[in-house]
Amino acid sequence: GAFEYSAQQGCAQNADCEDQNPCTYDLCRDSSCINNNANLDGNGNIGLGDIIHVIGYWATTGPTGDIDSSGWVGLSDVLAIMSLWGNSCAYGV
């Protein structure tokens, strides 16, 4: 599923939450950072398997598959994974 790692408090924008991990989707939500694991299939890179995983949870409330922490699994989560497409997971996320 999607794992959340609190990076810091007091963010103003998504860029403030960059954790240098190429396999997390970094966002600022309610002034707190969320760094969600986008390597849902655990194969070491971001790609089709991760999108298929999101589709498997389509139209549910998550948290599995809810990469953007919107509370709903859908197109925005596929787009979040696509923004990380091809990234190699350097340190076991």
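What number, in nm² with one decimal, is the all-direction average of the projected area of the convex hull of the alpha-carbon atoms of region 43-88?
On the way: hull surface 11.0 nm².
Averaged projected area of region 43-88's Cα convex hull equals 2.8 nm².
If I model a spin label at SER83 and ASP19 as a point 7 Å from the Cα along the Cα→Cβ vector, what separation in nanometres do I get? For SER83 paired with ASP19, the spin-label model returns 1.5 nm. Projected over all directions and averaged, the alpha-carbon convex hull of the chain occupies 5.1 nm².
All of the numbers you see were taken from the coordinates with simple rules; none came from a lab. Just so you know, these numbers come straight off a predicted model, no measurement behind them. Don't worry about glycine lacking a Cβ; one is built from the backbone with ideal geometry, like all the others, and counts go over all protein chains shown.
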